[in-house]
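Asks: One structure, pasted below without further comment.
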Amino acid sequence: MVKKVAVIGAGVSGLAAIKACLEEGLEPTCFEKSCDIGGLWRFTDEVEDKRASIYSSLVTNVSKEIMCFSDFPMPDDFPNYLPNRKYFEYIKLYAKNFNLTKHIQFKTTVCRIEKHPDFPVTGQWNVTTESGCEKKTETFDAVLVCTGQHVDAQIPLDSFPGIKNFKGKVLHSREYKKPVGYDDKRVLVVGMGNSGVDISTELCTIASQVYLTTREGVWVLPRLGKDGYPYDLFFLRRINSWIENIVPPAVYRWMLKHYLNSRFNHELYNIQPEGIKWKEPLVNDEIASRVLSGSIILKSGVTKFTETDAHFSDGSIVHDLDVVILCTGFGYSFPFLDDSIFKRDENRGNLYKKIIPLGIEKPTIAFIAFLLPIGPIMVVAELQCRWATRVFKGLHKLPNVMGMKEEMLKDEKLRKRWFATSENNFRRINYITYMEDMASEIGVKPNILKLFLTDPVLAFKLVFGTFNSYHFRLNGPAKWDGAREAILTQWDRIEKPLRTRVPKKNSKSPLSLFILLFFFFAILFVAVWMKN
Ligand SMILES: Cc1cc2nc3c(=O)[nH]c(=O)nc-3n(C[C@H](O)[C@H](O)[C@H](O)COP(=O)(O)OP(=O)(O)OC[C@H]3O[C@@H](n4cnc5c(N)ncnc54)[C@H](O)[C@@H]3O)c2cc1C
Ligand SMILES: *[C@@H]1O[C@H](CO)[C@@H](O)[C@H](O)[C@H]1NC(C)=O
Ligand SMILES: *[C@@H]1O[C@H](CO)[C@@H](O)[C@H](O)[C@H]1NC(C)=O
């Protein structure tokens with residue numbers, strides 16, 4: 001019987017893991033290397049070794065009604081996209097509300113996880129931790145690995161010949177904190193991901209010139225959507241996912257392309273991703289206007305550096321650079337695990353459901369949040385934890401290795417259909433499809449057909465409204481009584497933070513009401529008249 005569970009890391013995934021254990025009646029013990037919860041979202045001025053690091057101006061790229069945990073809506077006065085400190089505040093509220101912190105041992109690093117001698121029978125693990133100079137080994141029935149995937153700087157040095165000779169300052173986005181010390185500097189930002197574009201748009205107001213390079217181009221999504229509502233509220237909907245699953249991929253990509261180009265034409269700015277690739281989008285409202293005003297100049301991929309210059313693949317050269325910021329992504333590793341238990345392999349992908357190591361005798365170790373959704377990671381992590389804890393307890397049986405492999409092959413086919421690329425992106429998932437799949441396996445997926453008969457208002461919201469995590473607390477294990485209410489009242493929480501200014505008069509003029517009434521009676525009159 002599984003009882004004692006070790007949770008490694010107390011970031012958002014670790015907290016969701018503790019909560020899921022408690023819901024399933026398990027006893028979690030969480031080990032956190034640093035002195036507080038929050039992981040990546042706890043901003044510090046210093047970069048800590050082996051903990052994700054963010055810049056001061058970071059704002060979430062998913063809006064609050066989509067990004068919150070499934071049974072804990074964000075306070076209604078919180079802004080829709082949260083500055084990192086505000087999101088950290090939410091994480092604190094979450095931990096406090098469910099009393100999660102008492103299960104965490106801070107300043108305790110997990111340095112080794114090994115199979116217990118009885119593993120083939122019991123599935124138990126020996127977990128060795130280090131706290132100060134004290135080393136301790138304890139036995140656990142299961143392990144949830146929540147150590148994060150944006151931890152180390154990933155710097156492909158071979159792709160930047162000559163960078164060693166560059167005389168100016170070179171840093172990775174992980175080390176970038178604030179726009180201080182860049183006045184009148186000539187800055188080259190390498191890599192057009194979320195960080196690269198955020199840092200460029202921030203620095204271009206003080207630097208003398210910012211150059212931003214991208215090898216392959218990228219899609220840019222805004223935060224500001226229709227009528228000023230958060231953009232993703234319209235983008236992430238079940239109905240869109242259904243359409244995506246029925247129409248041929250080429251047609252869908254064509255539709256998507258036109259939709260994404262409606263704000264600004266990516267081809268005009270020469271950043272449209274090449275070929276049929278569906279590349280991970282980034283979220284930024286400013287980039288196009290900064291390029292329009294020339295404070296950011298877009299370049300193609302860098303081929304080499306000299307002491308002061310950068311050369312690009314189109315043959316052009318930028319001279320006299322002062323700073324190079326490498327926004328080339330992040331890496332992660334599991335130094336506490338032996339290769340025989342799990343070896344990271346991004347190309348082949350050897351995690352069943354992106355969670356359980358393929359071929360392990362007992363499914364008592366789970367990797368949480370090692371994937372790339374175009375959606376909120378914490379929400380996926382939460383559902384993964386709910387799934388994993390039920391697998392630990394034997395309430396959800398997994399197929400045998402052959403079955404797993406077959407399923408993973410099918411998933412790969414689907415992934416290629418959606419993303420049309422093959423290399424290095426086993427972690428890429430289709431957010432809504434993945435969530436629905438996990439939810440149906442543990443019996444928390446809403447039965448929409450049935451709801452159309454019993455609760456049509458709710459069913460309508462589930463299909464045509466925003467896809468939020470509350471959907472998976474409506475029924476099944478660990479359901480939440482407030483879920484339906486949360487779904488029906490989400491627009492209040494979205495609009496509340498916009499009502500900080502109270503207009504003097506009611507803005508709805510009586511005239512418009514009058515016009516409406518006029519039309520109503522006019523139509524009525526015509527209808528009656530035609531009938532006669
Ligand atoms: C710049 C940036 C912006 C992002 N913005 C968004 C966003 O807007 N929306 C979104 O959904 N996602 C975003 N992400 C992704 C981000 O990874 C997730 O939001 C989320 O923070 C992942 O949480 P986690 O708990 O899995 O990992 P982390 O937050 O990295 O937490 C891992 C924790 O594990 C601890 N730990 C690690 N190793 C050990 C060990 N051996 N022993 C004990 N403790 C250990 C660490 O100290 C840390 O506290 C962003 C990422 C980056 C880099
Ligand atoms: C694991 O811990 C148990 C005691 O809890 C001990 O008997 C065993 O030798 C340990 N195994 C390993 C491989 O460390
Ligand atoms: C938000 O940013 C993270 C980190 O850069 C990224 O992995 C994720 O895909 C982004 N989300 C969206 C919806 O763009």
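The values are calculated or read from the model by the stated rules, or taken from the named source; none is laboratory data. Treat the numbers as computed from the prediction; the structure is a model and nothing was measured. Every residue, glycine among them, receives a Cβ derived from its backbone with ideal geometry; neighbour counts consider all protein chains shown. Areas reflect the complete protein model, heavy atoms only, side chains present, ligands, DNA and RNA absent. Shrake-Rupley method; radii C 1.70, N 1.55, O 1.52, S 1.80 Å.
Asks: Could you list, in sequence order, all residues of region 321-379 that are over 20 Å from the mean Cα position of the chain (by Cα), under 30 Å from A310 (Cβ atoms) and hydrophobic (A, V, I, L, M, F, W, C)?
Replies: Once the filter is applied, which keeps residues that are over 20 Å from the mean Cα position of the chain (by Cα), under 30 Å from A310 (Cβ atoms) and hydrophobic (A, V, I, L, M, F, W, C), region 321-379 yields L321, V323, V324, I325, L326.
Asks: From the list V5, V47, V59, V12, which one is on the phi < 0 side of the Ramachandran plot, out of contact with any Gly (no Cβ under 6 Å at 6 or more places or on another chain) and within 16 Å of ligand 2 (Cβ to nearest atom)?
Replies: Working: V47 fails: within 16 Å of ligand 2 (Cβ to nearest atom); V59 fails: within 16 Å of ligand 2 (Cβ to nearest atom); V12 fails: within 16 Å of ligand 2 (Cβ to nearest atom).
Going through V5, V47, V59, V12 in turn, the sole match is V5.
Asks: Give region 405-420 a look and list any residue that's crowded, with 17+ Cβ neighbours inside 10 Å and either closer than 16 Å to Y352 by Cα or of a type in the set (S, T, N, Q) (or both), or say none.
Replies: Our first condition is that a residue be crowded, with 17+ Cβ neighbours inside 10 Å; within region 405-420, this holds for 408, 411, 415, 418-419.
Those that are crowded, with 17+ Cβ neighbours inside 10 Å and either closer than 16 Å to Y352 by Cα or of a type in the set (S, T, N, Q) (or both): M408, D411, R415.
Asks: Which residue, of D76, D49, D71, is surrounded by fewer than 20 Cβ atoms within 10 Å (Cβ to Cβ) and in contact with a helix residue (DSSP H, G or I) (Cβ under 8 Å, 6 or more places away or on another chain)? Even if it seems obvious, please write down each step before you answer.
Replies: Working: D49 fails: in contact with a helix residue (DSSP H, G or I) (Cβ under 8 Å, 6 or more places away or on another chain); D71 fails: surrounded by fewer than 20 Cβ atoms within 10 Å (Cβ to Cβ).
D76 is the lone residue from the list that is surrounded by fewer than 20 Cβ atoms within 10 Å (Cβ to Cβ) and in contact with a helix residue (DSSP H, G or I) (Cβ under 8 Å, 6 or more places away or on another chain).
Asks: Scan region 144-155 for residues that are assigned to a strand (DSSP E or B) and either over 18 Å from I341 (Cα atoms) or more than 32 Å from the chain's Cα centre (by Cα) (or both) and report the count.
Replies: The total comes to 2.
Asks: Next question, about the same structure. Looking only at region 48-67, which residues are in a loop (DSSP other than H, G, I, E, B), of a type outside the set (G, A, S) and modelled with pLDDT of 95 or more?
Replies: Restricting attention to region 48-67, the residues satisfying the condition of being in a loop (DSSP other than H, G, I, E, B) are 48-58, 60-63.
Now narrow it down to the ones that are of a type outside the set (G, A, S): 48-51, 54-55, 58, 60-62.
Scanning region 48-67 gives I54, Y55, L58, T60, N61, V62.
Asks: Name the one entry in D184, D152, D158 that is at pLDDT below 95 and away from ligand 3 (no atom under 16 Å from the Cβ).
Replies: On the way: D184 fails: at pLDDT below 95; D152 fails: away from ligand 3 (no atom under 16 Å from the Cβ).
Among D184, D152, D158, only D158 is at pLDDT below 95 and away from ligand 3 (no atom under 16 Å from the Cβ).
Asks: Out of the residues in region 56-68 that are under 20 Å from S173 (Cα atoms) and under 17 Å from the mean Cα position of the chain (by Cα), which is most open to solvent (accessible area, probe 1.4 Å)? Break it down stepwise before answering.
Replies: First, the residues of region 56-68 that are under 20 Å from S173 (Cα atoms): 56-61.
Restricting the remaining residues to those that are under 17 Å from the mean Cα position of the chain (by Cα) gives 58-61.
Numbers: L58: 24, V59: 45, T60: 2, N61: 64 Å².
In this case the residue turns out to be N61.
Asks: Please state which of the following conditions K86 fails to meet, knowing it meets all the rest: (1) surrounded by 15 or more Cβ atoms within 10 Å (Cβ to Cβ); (2) among the basic types (K, R); (3) touching a residue at least 60 places away in the same chain (Cβ under 8 Å).
Replies: (3)
Asks: Still on this model: For R473, only one of the following conditions fails: (1) under 21 Å from F235 (Cβ atoms); (2) outside the structural domain of E412 (by TED's automatic domain parsing); (3) within 21 Å of the chain's Cα centre (by Cα); (4) not hydroxyl-bearing (S, T, Y). What is its number?
Replies: With (1) under 21 Å from F235 (Cβ atoms); (2) outside the structural domain of E412 (by TED's automatic domain parsing); (3) within 21 Å of the chain's Cα centre (by Cα); (4) not hydroxyl-bearing (S, T, Y) applied to R473, the lone miss is (1).
Asks: With respect to T128, is the statement that it is in the same structural domain as G11 (by TED's automatic domain parsing), within 13 Å of ligand 2 (Cβ to nearest atom), open to solvent by 50 Å² or more (accessible area, probe 1.4 Å) and more than 29 Å from the chain's Cα centre (by Cα) true? Walk me through how you get there before you give the answer.
Replies: On the way: in the same structural domain as G11 (by TED's automatic domain parsing): yes; within 13 Å of ligand 2 (Cβ to nearest atom): yes; open to solvent by 50 Å² or more (accessible area, probe 1.4 Å): no; more than 29 Å from the chain's Cα centre (by Cα): yes.
The answer is no for T128.
Asks: A further question on this structure: Hand me the list of strands (runs of 3 or more DSSP E) wholly inside region 99-143 holding 3 or more residues that are under 14 Å from K4 (Cβ atoms) and away from ligand 3 (no atom under 16 Å from the Cβ). First the steps, then the outcome.
Replies: Values: elements: 109-115, 125-131, 134-140.
The qualifying strands (runs of 3 or more DSSP E) are 125-131, 134-140.
Asks: Which one of these is touching a Leu at 6+ places or on another chain (Cβ under 6 Å), under 30 Å from P376 (Cβ atoms) and more than 16 Å from ligand 1 (Cβ to nearest atom): L298, L260?
Replies: Details: L260 fails: touching a Leu at 6+ places or on another chain (Cβ under 6 Å).
Exactly one residue qualifies, and that residue is L298.
Asks: I'd like the full set of residues that are within 16 Å of ligand 2 (Cβ to nearest atom) and open to solvent by 50 Å² or more (accessible area, probe 1.4 Å), limited to region 100-125.
Replies: Going through region 100-125, the residues within 16 Å of ligand 2 (Cβ to nearest atom) turn out to be 110-125.
Hits for region 100-125 are R112, E114, K115, P117, D118, P120, V121, T122.
Asks: Any residue at all in region 399-407 that's touching a residue at least 60 places away in the same chain (Cβ under 8 Å) and away from ligand 2 (no atom under 16 Å from the Cβ)? First the steps, then the outcome.
Replies: Taking region 399-407 as the starting set, the residues that turn out to be touching a residue at least 60 places away in the same chain (Cβ under 8 Å) are none.
Taking every residue of region 399-407 in turn, none turns out to be touching a residue at least 60 places away in the same chain (Cβ under 8 Å) and away from ligand 2 (no atom under 16 Å from the Cβ).
Asks: For the condition under 30 Å from G25 (Cα atoms) and open to solvent by less than 100 Å² (accessible area, probe 1.4 Å), what is the one hit in P477, P503, P456? If you could, list the steps in order and put the result at the bottom.
Replies: Working: P503 fails: under 30 Å from G25 (Cα atoms); P456 fails: under 30 Å from G25 (Cα atoms).
Result of the check over P477, P503, P456: P477.
Asks: Please go through region 134-181 and pick out each residue that is more than 16 Å from ligand 1 (Cβ to nearest atom) and exposed (fewer than 13 other Cβ atoms within 10 Å of the Cβ). Spell out the reasoning first.
Replies: Taking region 134-181 as the starting set, the residues that turn out to be more than 16 Å from ligand 1 (Cβ to nearest atom) are 139, 141-142, 156-170, 180-181.
Selection gives P156, L157, D158, K164, N165, K167, V180, G181.
Matching residues to (1) within 15 Å of ligand 1 (Cβ to nearest atom); (2) closer than 29 Å to H258 by Cα:
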site	(1), (2)
S200	yes, yes
S208	no, no
G225	no, yes
Y231	yes, yes
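Asks: Follow-up. If Y259 satisfies all but one of (1) open to solvent by 70 Å² or more (accessible area, probe 1.4 Å); (2) in contact with a Gly (Cβ under 9 Å, 6 or more places away or on another chain), what's the number of the condition it fails?
Replies: (2) is the only condition that Y259 fails.
Asks: How many of the residues making up region 458-477 are part of a helix (DSSP H, G or I) and farther than 23 Å from M74 by Cβ? Give the steps one after another, and end with the answer.
Replies: Here is the first cut: in region 458-477, the ones part of a helix (DSSP H, G or I) are 458-464, 469-473.
When the remaining residues are screened for being farther than 23 Å from M74 by Cβ, the result is 459-460, 463.
Of the residues in region 458-477, 3 are part of a helix (DSSP H, G or I) and farther than 23 Å from M74 by Cβ.
Asks: Using beta carbons and a limit of 8 Å, which pairs, at least six apart or on different chains, have the first residue in region 227-252 and in a helix (DSSP H, G or I) and the second one of a type in the set (D, E, K, R)?
Replies: Close Cβ pairs satisfying both conditions: L233/E65; F234/K226; S241/E436; P249/R417; Y252/E244.
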